[in-house]
Amino acid sequence: MRRKLVAGNWKMNGSLAANAALVAGIKQGLPADACDVAVCVPSPYLAQVQGEVAGSVVALGAQDISAHASGAYTGEVSAAMLQEFSCHYVIVGHSERRAYHGESDAAVAAKTVAALQAGLVPVVCIGETLAQREAGQTKEIVGGQLDVVLDALSGEDAARIVLAYEPVWAIGTGKTATPEMAQEVHAMLRARLGAKSAEAAAKVRILYGGSMKPDNAAQLLAMEDIDGGLIGGAALKATDFLVIVEAASGVVL
Ligand code: PGA
């Protein structure tokens, strides 16, 4: 059985004081048999949050990575740097990076490779826009985004990634894919993983992201191929985040 993962994507939010309160609240309220839990924080706060999650089950993650190892890449952060702060996860290819920073599928694939080479677990984000969904292109778009990444990986490496299906129209909008809509895409993605390697299909956790909240998390997480959530807005409030963690941990509310 795949262990569920609930990862908070703080995006460009936080402050030293707010982060300390948020992490303390999460640690305090974690259920005894919690699923895997992570917080993906802005780079300047990696050292702070590294200290605050130390000794707890909360894993640290970053929100982006350079495809390059080092050198003249102003503003970028390498996998080795993230490693020094005990990062376990790094988000790659978030739709906000694709939309506002022009990240192509090829760039996302290169970042995925860089993360794996450094021993980080990439959380590879894919998803269709509203126009693409309405044009009936969802499978083609997200399948294609996944295939470009898988083409850059061995079967063994493919089994080490985390995938996040995040329909762009559901991110930060309050609109969520229904559990059935999400499950349909997740099942298709698992079949694509299976075409790469049976191990990848069995092991890769496919998270749902896009307005996952306390009141819809349990239904989404009950679907066969939804192995957790990548949480934006609801990850900024410990009580909301914890309800989602509890739902993923099988705590009966
Ligand atoms: P949201 O963001 O939960 O605020 O919709 C999810 C994400 O972008 O990862």
Taking only protein heavy atoms and a 1.4 Å probe, what accessible area per residue, in Å², does the range 5-248 have with all protein chains in place? 41
What does DSSP give for the range 5-248 in terms of the percent of beta bridges that are antiparallel, rounded to the nearest 5? 0
With the chain treated as a Gaussian network of Cα nodes joined by springs under 10 Å, which of Ile26, Ile141, Ile226 yields the largest mean-square fluctuation? Ile141
Going by the alpha-carbon gyration tensor, a ≥ b ≥ c the square roots of its eigenvalues, is the chain rounded (a/c under 1.5) or, if a/c is not under 1.5, prolate (a/b greater than b/c) versus oblate? rounded
Can you tell me how much longer the chain between Ala20 and Met181 gets when fully stretched, taken as 0.36 nm per residue apart minus their C-alpha distance, in nm with one decimal? 54.3 nm
I'd like the carbon and sulfur percentage of the solvent accessible area for the chain, probe radius 1.4 Å, heavy atoms only, ligands and nucleic acids excluded. 54
If each part is reduced to its alpha-carbon centroid, the range 198-250 and the range 107-124 end up apart, in Å, by 22
Separation between the Asp215 and Asp147 pseudo-spin-labels, each 7 Å from Cα along Cα→Cβ, expressed in nm? 4.0
List Thr239, Thr129, ordered by accessible area with a 1.4 Å probe, largest first: Thr239, Thr129
Among Leu146, Leu82, Leu22, residue whose mean-square fluctuation peaks in a GNM of the chain (springs only between Cα atoms under 10 Å): Leu22
The rounded separation in angstrom of the Cα centers of the range 76-98 and the range 28-69 is 11
Selected from Glu76, Glu103, Glu199 as most flexible by GNM, with the chain as the system and alpha-carbon contacts under 10 Å: Glu76
Dipole of the range 5-248 [Lys/Arg +1, Asp/Glu -1 at C-beta], most positive-end residue of Val142, Leu116, Gly233: Gly233
Nearest-20 debye value, the chain charge dipole, Cβ charges on Lys, Arg, Asp, Glu: 220
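The values are calculated or read from the model by the stated rules, or taken from the named source; none is laboratory data. These numbers were taken from a predicted model, which means no experiment stands behind them. Glycine also receives a Cβ, built like all others from the backbone with ideal geometry; neighbour counts cover every protein chain displayed. Note: areas computed on protein heavy atoms with side chains; ligands, DNA, RNA excluded. Shrake-Rupley method; radii C 1.70, N 1.55, O 1.52, S 1.80 Å.
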